[in-house]
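Worksheet: one structure, shown below.
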Amino acid sequence: SAGPAGPGALAGTTVTITAGGTREPLDPVRFLGNRSSGKQGTALAAAALAAGARVRLIAAHMDVPAPEGVELIRVETALELRAAVHRAAADSDVVIMAAAVADFRPAQVVETKIKKRDDEADPVITLVRNPDILQELVRARDEAGTGTPTLIVGFAAETGDDTSDVLEYGRSKLARKGCDLLVLNRVGRSLVFGQDETEVRILSPDDSPEAALESAAGTKAEVSARILARITAELAA
Ligand code: CTP
Ligand code: CA
C-alpha cells in the first residue's frame with residue numbers, strides 16, 4: 001500500500017469524513033472552540049473523491065473551503081456532529097473521524113448575552129462531557145451486528161509526556177476506542193494545527209508490538225492519499 005489509491009479504487013463505496021473543530025455555545029454570541037483548521041479532513045475528502053468514492057463531509061468549523069464534489073453537511077456542536085455521523089454511518093462503507101470534537105461543553109447555554117454586572121459575582125463556567133462519538137460508532141456496529149460501516153477510522157494527536165510516549169498513548173487510545181485504524185499524529189506547540197505538512201503513523205489492532213508501523217510524511221494531501229490507499233487495502237482484505 002505504498003502508492004496512493006488509484007483512480008477508481010474506491011468506486012462504488014461511500015466514505016463519510018468529519019472535519020474541522022466543533023464550537024460549543026456559551027450564549028448567543030460566544031462559544032468554546034479549538035484550533036482545528038479542517039485541512040486534514042478536507043484533504044482526506046479530496047483524496048477519497050480522487051479515488052472515486054462518494055464522499056460525505058460532515059464539517060464543523062473550518063478555515064478552508066470544502067472540496068467541490070462532496071456532499072456537505074454543516075454542523076456546529078459535538079452533539080450535532082454526533083447526530084449527523086450516526087445518520088450517515090448507516091449507509092457508509094467507511095467513516096473517518098478527523099474532526100476535533102470538543103471533549104466538554106458548557107453545562108448551560110445562556111439564552112441571552114452574558115453581561116458584566118457590578119452587583120453580581122463574575123461567572124463560572126461549568127463543563128459537562130460530550131459523548132465519545134467514535135466509541136459509540138464502534139459499539140453500535142458491534143451491537144447491531146451489521147458490520148456497517150466496514151471500516152471506522154480514528155485520528156489522534158498526542159504530545160507524549162513523562163508517563164507515556166506518543167506510541168503508547170496511541171495504542172491505548174486505539175484499544176479504548178475499538179476502531180479499525182487509528183491515524184496517530186505527534187503534535188507540539190506549533191505542529192500540525194493549521195499546518196500543511198504532517199507526519200503520521202497508522203495503527204491497527206492486528207499490529208504485533210514489533211511490527212514496523214506504516215508511516216507517512218509530507219503535505220496533508222500526500223498523507224491523505226496514503227491513508228486512503230491503506231483504507232482501500234483494508235476494504236479489499
Ligand atoms: N472523538 C470523538 N468524540 C469525542 C472526542 C473525540 O469521536 N467526544 C474522536 C476524534 O474525532 C478522533 C478520536 O476520537 O478521531 C480521538 O480523539 P482524541 O481527542 O485524541 O481522543 P479522546 O478520547 O478525546 O482523548 P484525549 O483525552 O486525549 O483528548
Ligand atoms: Ca479529545
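Computed from the coordinates by the stated procedures, all read-outs in this text should not be read as laboratory data. Everything numeric in this text was worked out from a predicted model, so none of it was measured. Don't worry about glycine lacking a Cβ; one is built from the backbone with ideal geometry, like all the others, and counts go over all protein chains shown.
The table for this structure:
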| read-out | value |
| --- | --- |
| Inter-label distance for Thr163 and Val64, nm, one decimal - labels placed 7 Å from Cα along Cα-to-Cβ | 3.4 nm |
| Among Pro205, Ser164, His61 the positive-end extreme of the charge dipole of the chain (Cβ point charges) | His61 |
| Across Lys39/Lys173; Lys39/Lys177; Lys39/Lys113; Lys39/Lys116, pairs whose alpha-carbon gap is larger than 26 Å | Lys39/Lys113; Lys39/Lys116 |
| Among 112-121, 46-55, the order from most to least packed when residues are scored by Cβ within 10 Å on average | 46-55, 112-121 |
| Listed peptides 162-170, 9-17 by packing density, highest first (mean Cβ within 10 Å) | 9-17, 162-170 |
| Ranked list, fewest to most other Cβ atoms within 10 Å of each Cβ, for Val128, Val95, Val153, Val138 | Val128, Val138, Val153, Val95 |
| Cross-link partners of Lys115 among aspartates and glutamates (Cα-Cα below 18 Å; sequence separation of 8 or more within a chain) | Asp27 |
| Near-label residues of the stretch 14-56 by backbone N, under 15 Å of a point 7 Å along Cα→Cβ of Lys113 | 26-31 |
